[in-house]
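This report concerns only the one structure given below.
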């Protein structure tokens, strides 16, 4: 899947995260802002990269501002941002092809 335009999903509330995706420069450019990056940064990165791979996205600039989100929330926010970026709002394969 190709990112067509910038898109955002999520909030800056506690236990959530804000994910921003933009068209990339031929690779996955990952940025994380989190108070718990020293503890959970590697796991957040792993979840993000796996989710992007499952969506078929390999050319993206992704930024995550984490406020203590669980893995399932991070995945959902990435999926939401990616689908918004390609203007796909109907027939979303939640829980199917995105696992």
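All of the numbers you see were taken from the coordinates with simple rules; none came from a lab. Note that the coordinates shown come from a computational prediction; the quantities given were computed from them, not determined experimentally. Neighbour counts run over all protein chains shown; Cβ positions are idealised from the backbone, glycine included.
Calculate the FRET efficiency for residue 33 and residue 91 from the Cβ-Cβ distance with a Förster distance of 41 Å, rounded to the nearest 0.05. The value I calculate is 0.80. Annotation for residue 46 and residue 71: the two label points, set 7 Å from Cα along the Cα-Cβ direction, are 0.7 nm apart. Counting only alpha carbon atoms, the long axis of helix 71-85 and the longest principal axis of the chain meet at about 40°.
Axis angle, to the nearest 10 degrees, between helix 37-55 and the longest C-alpha principal axis of the chain: 10 degrees.
Residue separation of residue 11 and residue 58 scaled by 0.36 nm, minus their Cα-Cα distance, works out to 14.5 nm of gained length.
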